[in-house]
Amino acid sequence: MAQQELWKLTARQAVAMLRAKQVSPLELIDAAAARIAATDQALNAMPTLCLDRARERAKSLDRLDHNHPGWLAGLPISVKDLNDVEGVRTTFGSPIYKDNIAKRTDAGVMNLEARGALVIGKSNTPEFGAGAQTFNEVFGITRNPWDTRMTPAGSSGGAAVNLASGQVWAATGSDLGGSLRTPAAFCGVVGLRPSPGCVPHGPVGVPLDTFSVSGPMGRNVGDVALMLDAYAGAQPDDPLSYDPPAGSYQHAVEAPIKPKRVGWTAELGGLCPVDNEVKAICEAAARRFGEIGAAVDNTAPDCTGAREAFQTMRAHNMATARAGLLKSDKDKLKPEVIWNIEAGLKLDIDDIRRAIALQRDLYRRFVKFFETHDLLVLPTAQHPPFPVEKRYVDEINGQKLDTYVDWILITSIITMTGCPAISIPCGFTKSGLPVGLQLVGRPRGEAALLSAAHLMEQVFGLAAQLPIDPVVRH
């Protein structure tokens, strides 16, 4: 296959060719480099490259475990600029760390590299991953390849753009309140937020935190399953991490099992206002579960108190991890980060105690829901892609939103449950922008979730549209 065509392969196709020696890792690195050079001036999704490091590591692939189910055989990937890669610049999207060179590799990336992934670059992210819009004072704005006037969301916006535009075949993301799922929806790719501990990450400032997780992103569900096989597994840096169950996540895609009953909700009982066009597209998509034999009902767990609990715990974690920066570098922090840290510092023990109790009750209600349902289905994003000049969505359907993260509440509430969730493309707005459908599974139910997502991906028939050339509009 000519180099100019290699970027169009899916990750699984590329890995199959690598395993069969039909293409070499160096050829794929060169193909990716050429594609980045051709597209990134319009997108600004991959600000840091480490191509020579990848070429050097390709020389030692023969020493690794080729029999692992997640063996990637020299597949080039991108890593989000919140995750360290030894010897490579990691800025966290912050001027404070604009010259920081990582001394060690993130725990999850260690798994990927041990299984044959070659890191070729760092994807752009907002400062410390805060806010679901990818811009920062170090590298600037990342743009959506479906319409470069629009944002790809965030905070894994660069990763989603890498995939949609064909710069890489697979990418890492991370997700606290929707940072992986929302960009997947905005860019028409697939993003999986796994259960806490499924994919290791760290070391981090709050090592026992169950809110922030790392996860795989790909152009289709099968590629995400392959990436998860490579990504999952215990690492000492993450005390919550655990080894995956026997078998392979790819098997869930290759031999899928149909869900029997799913619950649909547009707005989680009115807690999350959703743009009317997005809502209509997602509801029509949810009803199509009937095409694979699943019963669909208008049922969802009661999410009372979830917003309060999320806002409290997010602020608490932000203050725990970043409070020192208010004293040392406040002038370099963006206003939203300052607000979040200060909100955390104002909390008292009763605030935190109440948030923990609310989260406990929410989790129990979700466990009860999954006694009778296989999945919960709802929109991934409450709003379609919006202009890059806008820092965040402050109004939906005429309803004012209180904070800069309220427009992603529909993913943040799911974060609170600890359940795995995946975003898959399900349609387009009238202006041609992607819309994502969020599927939520049982705790540690990644295999069943991937299985259902793959079946619906076949129903929707949208995965083959990727990758795309950037649609440059001014």
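The values are calculated or read from the model by the stated rules, or taken from the named source; none is laboratory data. Source: prediction; values computed, not measured. Every residue, glycine as well, gets a Cβ built from its backbone with ideal geometry; the counts of neighbours run over all protein chains shown. SASA here: full protein model, heavy atoms, side chains in, ligands and nucleic acids out. Shrake-Rupley method; radii C 1.70, N 1.55, O 1.52, S 1.80 Å.
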Checklist outcome for this item: Selection from segment 275-313 of residues in contact with a helix residue (DSSP H, G or I) (Cβ under 7 Å, 6 or more places away or on another chain) and either surrounded by fewer than 22 Cβ atoms within 10 Å (Cβ to Cβ) or among the charged types (D, E, K, R) (or both) yields Arg288, Glu291, Ile292, Val296, Asp302, Gly305, Arg307, Glu308, Thr312
Checklist entry - Of all residues in segment 51-96, which are in contact with a Lys or Arg (Cβ under 8 Å, 6 or more places away or on another chain) and among the basic types (Lys, Arg)? => result Lys80, Arg89
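Yes or no, residue by residue, for (1) open to solvent by 50 Å² or more (accessible area, probe 1.4 Å); (2) out of contact with any Asp or Glu (no Cβ under 9 Å at 6 or more places or on another chain):
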| residue | (1), (2) |
| --- | --- |
| Gln41 | yes, yes |
| Ala58 | no, yes |
| Asn67 | yes, yes |
| Leu75 | no, yes |
| Asn83 | no, no |
Checklist entry - Hey, any hits in segment 24-35 for a residue that's out of contact with any strand residue (DSSP E or B) (no Cβ under 6 Å at 6 or more places or on another chain), without any contact (Cβ under 8 Å) to a residue 40 or more places away in the chain and open to solvent by less than 10 Å² (accessible area, probe 1.4 Å)? => result yes
Checklist entry - From the set of residues in segment 351-381 that are farther than 20 Å from Val440 by Cα and of a type outside the set (Val, Ile, Thr), which is least open to solvent (accessible area, probe 1.4 Å)? => result Ala355
Checklist entry - If you go through segment 49-107 one residue at a time, how many are of a type in the set (Ser, Thr, Tyr) and in a strand (DSSP E or B)? => result 1
Checklist entry - What is the residue count in segment 341-350 for residues that are surrounded by fewer than 17 Cβ atoms within 10 Å (Cβ to Cβ) and in a helix (DSSP H, G or I)? => result 4
Checklist outcome for this item: Checked segment 96-115 for anything open to solvent by 30 Å² or more (accessible area, probe 1.4 Å) and either within 30 Å of Pro335 (Cβ to Cβ) or within 22 Å of the chain's Cα centre (by Cα) (or both); matches are Ile96, Tyr97, Lys98, Asp99, Asn100, Ile101, Met110, Ala114, Arg115
Next on the checklist: Please count how many residues of segment 427-440 are open to solvent by less than 50 Å² (accessible area, probe 1.4 Å) and either over 16 Å from the mean Cα position of the chain (by Cα) or farther than 20 Å from Ala294 by Cβ (or both).
Outcome noted: 6
Item to check | Members of segment 406-426 found to be open to solvent by less than 10 Å² (accessible area, probe 1.4 Å) and in a strand (DSSP E or B), listed by number | outcome: Ala421, Ile422, Ser423, Ile424
Item to check | Hey, Val138 open to solvent by 10 Å² or more (accessible area, probe 1.4 Å), of a type in the set (Val, Ile, Thr) and at pLDDT below 95 or not | outcome: no
Item to check | Matching residues, segment 116-126, being part of a strand (DSSP E or B), touching a Leu at 6+ places or on another chain (Cβ under 9 Å) and closer than 26 Å to Pro335 by Cα | outcome: Lys122
Checklist entry - Regarding Asp329, is this residue over 16 Å from Ser94 (Cα atoms), modelled with pLDDT of 95 or more and not basic (Lys, Arg)? => result no
